[in-house]
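Working notes for the structure below.
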Amino acid sequence: MGRTSDAKQRLMDAVLDLIWKGSYGHTSVDLICEKAGVKKGSFYHFFESKSDLTAEALEDSWVRIYRPIFDAIFSPSKSPLDRINDYVTNCYEEQMKKFRECGCVLGCPLFSLGNEISMQEQKLREVVQNLLNTHVRYLESLLRDGHSQGVFSCPQPTLMAHTLFRYCEGTLTEARIMNNPELLKEMGPAILGLLGVGASAPVRRAA
């Protein structure tokens with residue numbers, strides 16, 4: 001079964017990496033086991049199917065990796081403009097890291113996966129949807145704070161949070177299609193423009 005202590009975690013790490021760099025449809029159980037260094041019989045000891053593995057892996061990666069990052073980026077102790085800057089900077093840097101590793105802009109793994117399986121895998125679609133909705137709530141929190149502090153006018157933070165989220169995800173998708181990470185550099189100025197914040201606002205462009 002491989003190293004019992006970490007075989008399950010290696011399967012979860014493997015499936016997310018394979019899907020992000022490829023696709024859900026082309027990621028077979030055999031490929032997952034090969035990448036994880038785990039025998040196929042052991043796969044079914046932990047998971048009933050590829051879908052169950054992917055759903056648990058997504059939730060696990062959120063708890064272990066992404067929630068601490070988002071909590072730090074969107075900390076109420078920081079100004080709303082600093083939160084915007086940290087958000088777009090983290091997005092750019094994460095994509096550039098993957099670009100240097102594999103030569104491709106990978107975009108948002110949740111959007112790529114959700115677009116592929118939305119009409120086929122109901123349970124998995126719901127996990128993706130819940131994680132995306134959580135992402136939107138972080139944006140909404142900074143918009144509420146920015147409005148209450150007078151940094152910008154945002155009387156409808158829920159609507160604007162969805163608008164900003166769709167813009168950012170659309171930009172990530174375009175960058176993936178074009179395989180051009182430079183498209184991500186203007187996310188910060190564009191978000192400020194959507195919020196009606198002047199060009200003098202202290203939000204740094206990604207380097």
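The values are calculated or read from the model by the stated rules, or taken from the named source; none is laboratory data. Source: prediction; values computed, not measured. Cβ placement follows ideal geometry from the backbone for every residue including glycine, while neighbour counts extend to all protein chains displayed.
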Checklist entry - Taking region 174-197 on its own, how many of its residues are of a type outside the set (A, V, I, L, M) and not in a helix (DSSP H, G or I)? => result 3
Checklist entry - Right, Ser77: of a type outside the set (Asp, Glu), surrounded by fewer than 13 Cβ atoms within 10 Å (Cβ to Cβ) and either more than 14 Å from the chain's Cα centre (by Cα) or more than 29 Å from Asp6 (Cα to Cα) (or both) or not? => result yes
Item to check | Matching entry among Ala175, Ala161 (being among the small types (Gly, Ala, Ser), in contact (Cβ under 8 Å) with a residue 24 or more places away in the chain, touching a Leu at 6+ places or on another chain (Cβ under 7 Å) and more than 22 Å from Lys97 (Cβ to Cβ)) | outcome: Ala161
Checklist entry - Do the conditions hold for Phe46, that is, is it surrounded by 15 or more Cβ atoms within 10 Å (Cβ to Cβ), within 30 Å of Glu182 (Cα to Cα) and modelled with pLDDT of 95 or more? => result no
Item to check | Number of positions in region 29-41 that are assigned to a loop (DSSP other than H, G, I, E, B) and either touching a Leu at 6+ places or on another chain (Cβ under 9 Å) or assigned by TED's automatic domain parsing to the domain that holds Ser112 (or both) | outcome: 1
Item to check | Subset of region 148-173 (residues that are of a type in the set (Lys, Arg) and in a loop (DSSP other than H, G, I, E, B)) | outcome: none
Checklist entry - Looking at this structure, is Val127 touching a residue at least 60 places away in the same chain (Cβ under 8 Å) and either in contact with an Asp or Glu (Cβ under 8 Å, 6 or more places away or on another chain) or within 18 Å of Leu194 (Cβ to Cβ) (or both)? => result yes
Checklist entry - Of the conditions (1) part of a helix (DSSP H, G or I); (2) more than 20 Å from His162 (Cβ to Cβ), Leu106 fails just one. Which one is it? => result (1)
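A quick yes/no check of all residues on (1) free of Cβ contacts under 8 Å to residues at least 60 places away in the same chain; (2) surrounded by fewer than 17 Cβ atoms within 10 Å (Cβ to Cβ):
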position: Ala36; (1), (2): yes, no
position: Leu53; (1), (2): yes, no
position: Glu56; (1), (2): yes, no
position: Ile69; (1), (2): yes, yes
position: Tyr92; (1), (2): no, no
position: Leu113; (1), (2): no, no
position: His135; (1), (2): no, no
position: Tyr138; (1), (2): no, no
